[in-house]
Structure formats: structure tokens, C-alpha cells
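The values are calculated or read from the model by the stated rules, or taken from the named source; none is laboratory data. These numbers were taken from a predicted model, which means no experiment stands behind them. So basically every Cβ, Gly included, is an ideal-geometry build from the backbone, and we count neighbours across all protein chains shown. These area figures cover heavy atoms from the full protein model, side chains too; ligands, DNA and RNA do not enter into them. Shrake-Rupley method; radii C 1.70, N 1.55, O 1.52, S 1.80 Å.
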Amino acid sequence: MTLFSRSHTATGTAVTSTVVAMTTSASVPTESEGAIHGGTVTDRLVEANERYAAEFTDPGMDARPVLHVAVVACMDARIDLHKALGLQLGDCHTIRNAGGVVTDDVIRSLTISQRKLGTRSIVLIHHTGCGMETITEDFRTELEHEVGQRPAWAAEAFSDVDQDVRQSMQRVRTSPFLLYTEDVRGFVFDVRTGLLREIDPA
């Protein structure tokens, strides 16, 4: 099943349905798929882009997401976010970071997304087996000892993924900069089953 289904009003405006489930396309590459022959990983990406650009056609879209939704998710490489949510090019804004937590910079992006680019709904996605559950805020102290400077940012580590989703929802709902906080929902993605489990904000 897909997370979003698309329908259109008489004026052609897209609307979204409720969030239900998601899958992941993460897989272990074969030797031929994963091999890098000559050059760096970045060289490989640039070469792939050249092949992509050779067949690219301008879709003629503007910067406003068709589905008026912003998705905040973890940067975990196992989650193919667009494919997992049934999203197409231009459908949404995606904001990803370590843990998928709502930081000041996420609020910055969401504020621009809503106030300047028309989004109205916010979906927050954490996941099982997250690397942020394996560290603590002592990570900042370790960095300070190593490089001689303490990071200005918090690690935002957590031990309870459900509670961290609730905290992220609360940060969104109480931000004075966001205009639309009625449709904010939080989920935990199971990396083994591909399903979303919705988190009660209470």
C-alpha cells in the first residue's frame, strides 16, 4: 500500500488521503551493482547524473509541492522515502537529518515550506533500529576533546523512539513560526516490515 493517494478538485488542485503504510526499496547490491570501477563514489554519482541528464525532460513544475505536504524523516539509507510513500517528483518537500528530529533548522525549512511554498500538512517519520539510539549527548563532549571546540548543536540522541516522535510533534505544534499545525502526524517506520506505526501525541 502507499502512504498517499492523489485526487484532484475541479480546479486541478491535488489533495491527499490519510497515511497508512510504507515499504522500503533498500536492498543489498550485487557485486556488479556495488562495485566502483576507477574513481571515487562521487565520480560514480556524477557519471550517473550525466546519463540521467541525457534523457531528462523539464517537467515544467514550480517550487510549490503538488500535495501541499512536508515530510521530515531520518537520513537512514534504508528508507527510500519517495518510493516508500508512493510519492512522485514534485509531490512534497522532504527534510531529512540524523534521527528525523525536529531541530531549529527543520523549523526553518518548515516555516519557509509553509509560508512561502504553500504546504499545509506535516508528516514526521522516525524508524526502528536508528543509530541515534546508540549514542548520547556525550558525543558532543567527545568531539570537544578531539577537536578543541564544543559543537553549538545538540546531538539530539534518544533512547525511546516513540517519545522522541512525540517531542518532535510538540516542537512543531508549539512553534510560533508555523502557520498550520492542525495536520501534524508522527510515525515510526519498521525497517524490517516496511510498515508505519502511528504515534499518539498524548
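If you scan segment 134-143, which residues turn out to be assigned to a helix (DSSP H, G or I), open to solvent by less than 70 Å² (accessible area, probe 1.4 Å) and not polar (S, T, N, Q)?
R140, L143
Restricting attention to segment 89-107, and to residues there that are surrounded by fewer than 16 Cβ atoms within 10 Å (Cβ to Cβ) and touching a residue at least 24 places away in the same chain (Cβ under 8 Å), which single residue is farthest from F177 (Cα to Cα)? Spell out the reasoning first.
Start the filter on segment 89-107 by keeping residues that are surrounded by fewer than 16 Cβ atoms within 10 Å (Cβ to Cβ), which leaves 89-90, 104-105.
Still in the list and also touching a residue at least 24 places away in the same chain (Cβ under 8 Å): 89-90.
On the way: L89: 27, G90: 24 Å.
By that ranking, first place goes to L89.
Considering only segment 109-132, how many residues are loosely packed, with under 14 Cβ neighbours inside 10 Å and without any contact (Cβ under 8 Å) to a residue 24 or more places away in the chain?
Qualifying residue count for the region: 1.
Just to be sure I understand the filter: pairs with C-beta atoms under 6 Å, separated by 6 or more residues or on different chains, first member in segment 133-158 and closer than 15 Å to N97 by Cβ, second member of a type outside the set (F, W, Y) and assigned to a helix (DSSP H, G or I). Which pairs pass?
Matching pairs, first to second residue: P151/R140; P151/L143; A155/R140; E156/G99; A157/M132; F158/M132; F158/D164.
Out of all the residues in segment 171-194, is one or more without any contact (Cβ under 8 Å) to a residue 12 or more places away in the chain, polar (S, T, N, Q) and within 25 Å of P65 (Cβ to Cβ)?
Scanning segment 171-194 turns up at least one residue that is without any contact (Cβ under 8 Å) to a residue 12 or more places away in the chain, polar (S, T, N, Q) and within 25 Å of P65 (Cβ to Cβ).
Which residue, of S175, S168, is part of a helix (DSSP H, G or I) and among the polar types (S, T, N, Q)? Before the answer, list the steps.
Details: S175 fails: part of a helix (DSSP H, G or I).
Just one listed residue meets the conditions, S168.
Take the residues in segment 147-202 that are over 23 Å from D80 (Cα atoms) and of a type in the set (A, V, I, L, M); name whichever of them is surrounded by the most Cβ atoms within 10 Å (Cβ to Cβ).
Top of the filtered list is V172.
Here are the criteria: (1) in contact with an Asp or Glu (Cβ under 7 Å, 6 or more places away or on another chain); (2) not in a loop (DSSP other than H, G, I, E, B). Tell me which single one S159 does not satisfy.
Checking S159 against (1) in contact with an Asp or Glu (Cβ under 7 Å, 6 or more places away or on another chain); (2) not in a loop (DSSP other than H, G, I, E, B), the one that fails is (2).
I need a count of the residues in segment 143-202 that are among the small types (G, A, S) and within 13 Å of L124 (Cα to Cα).
So in segment 143-202, the residues among the small types (G, A, S) come out as 148, 152, 154-155, 157, 159, 168, 175, 186, 194, 202.
If we keep only those that are within 13 Å of L124 (Cα to Cα) too, we end up with 168, 186.
Adding up the residues that qualify gives 2.
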